[in-house]
Amino acid sequence: MRSQLNLDVSTSPNFTQIGNGNTTSLPDMPTTQITDFAFVIYVVLLPAVAVLGMVGNVLTMVVLWSKRMQSTTTLFLRGLVLTDVGVIVVLTIAITPLAVGMHGKTLPVYVHTIYPHLYGPFDFVAMSVQQCNVWILVSVSVERYIAVCHPLKAAYYRTRRKTIITLVLLAVSSAVYNIPRLFGTVALPISCNLPELEQFTCYGIDLTDLGKNFFYKDVYKVWMYAIVIYLLPLITMSVINVLIIRELIRMRSRRRDLATYCHQQKEDNVTLVLVLIMTVFILCQTLAFFNQIDALFDDKTVQENYIAVISFLYVVNSSVNFLIYVLVGKKFRHVLFALCRRYRRRSKFCPARNGSSHSLENTMITDFPQAALS
């Protein structure tokens, strides 16, 4: 089985291996150069989606941090969007320039001198953010399950204090769990045959004693990784999704009065948004889980291209939530449009010094009608 998040890159073929010759890699690209297919993914498609995803996530943050969005579910979604941004930034910064350098043999200083030192920190940050992102989504799915399937207990479990404590614990535990990744590899000077690097020292990524340890290499980075990042979250969210959908179908058939119907519609809308987010996540993560099984890939090129697709799907998964919010989330859409109207009116009245305060005050009052879905 494989153990790496798709952030891996192999050392250059020009490196002379040192010590015991044991090197590691953060996507496993070919040792000579990446394929044209992987190059297009890493250098063209991934950055393009990352830019769109960052725009969407920034707009999502503007909406989620507005005064209209103060529920416990919103707190989880704030944590989710922050970790989504983290995934996009780390993967793009780590992979794209390296892919450019390996494919065209450009950026030699970054590839052979800078990146080996960044490998460990990149691995630590990427895995910490990914793990936190996964378990925030698990937590919000549990929160939705309680709200839909056990509404009488929701007031006890769905409190702001408990939600904040949960988010802090997830962030701290994710960081602590991945600390060993900072010490599994080390950048060591090596000889390289590149004239453009005569004034620089080349480095290779070598395993430390910890990195060679059986428990770290096989148990921690393979089996525990597969269980903590893939199996447990995917199974949990899949089961919860089924239970929530079944309960929603059952509730639709027994609604009676209008007040109950309207309230339940609001809950249903929030739940539908999160079910769609979980579904997209499950699809992307399931494909990534197959990459853990080495036996599925006899051809190295096929494996590297598959890894490129998975890396791309990670960025897509962290970029697509904004579209789900806009297309399905009624309250999110309502608040977003209200903020846009406020910005347009503010821009319109700003040049006029006289009376601008009164105009803005009216805008603040009329922008947010009370009828909004939870």
Segment 69-220, accessible surface, carbon-and-sulfur percent (1.4 angstrom probe): 70 percent
Sorted largest first, extent of segment 94-249 alpha carbons per principal axis (Å): 71, 33, 27
Percentage of Cα-Cα pair distances in segment 55-137 greater than 21 Å, rounded to whole percent? 44 percent
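Just reorder Lys217, Lys105 by solvent-accessible area, largest first, 1.4 Å probe, all chains present.
From most exposed to least exposed: Lys105, Lys217.
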Roughly what % of Cα-Cα distances in segment 300-341 sit above 13 Å, to the whole percent? 64 percent
Members of Lys153/Lys330; Lys67/Lys330; Lys105/Lys217; Lys217/Lys300; Lys105/Lys300; Lys162/Lys221 lying beyond 23 Å, as alpha-carbon distances in this model show: Lys153/Lys330; Lys105/Lys217; Lys162/Lys221
Ordering His112, His117, His334 by the accessible surface of their heavy atoms, 1.4 Å probe, largest first, yields His117, His334, His112
Run the 1.4 Å probe and let me know the accessible area of Met102, rounded to the nearest 10 Å². 20 Å²
What fraction of the Cα pairs in segment 29-83, stated in percent, has a spacing above 19 angstrom? 49 percent
For Glu143, Glu196, write out the residues from largest to smallest accessible area, computed with a 1.4 angstrom probe and no ligands counted. Glu196, Glu143
Zero-based 10 Å bins, Cα pair distances in segment 115-156, whole percents: 27, 28, 20, 15, 9, 1
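The values are calculated or read from the model by the stated rules, or taken from the named source; none is laboratory data. Just so we're clear, the structure is a prediction, and the values are computed from it rather than from any experiment. Ligands, DNA and RNA are stripped out before the accessible areas are found, and what is left, the full protein with its side chains, is counted by its heavy atoms. Shrake-Rupley method; radii C 1.70, N 1.55, O 1.52, S 1.80 Å.
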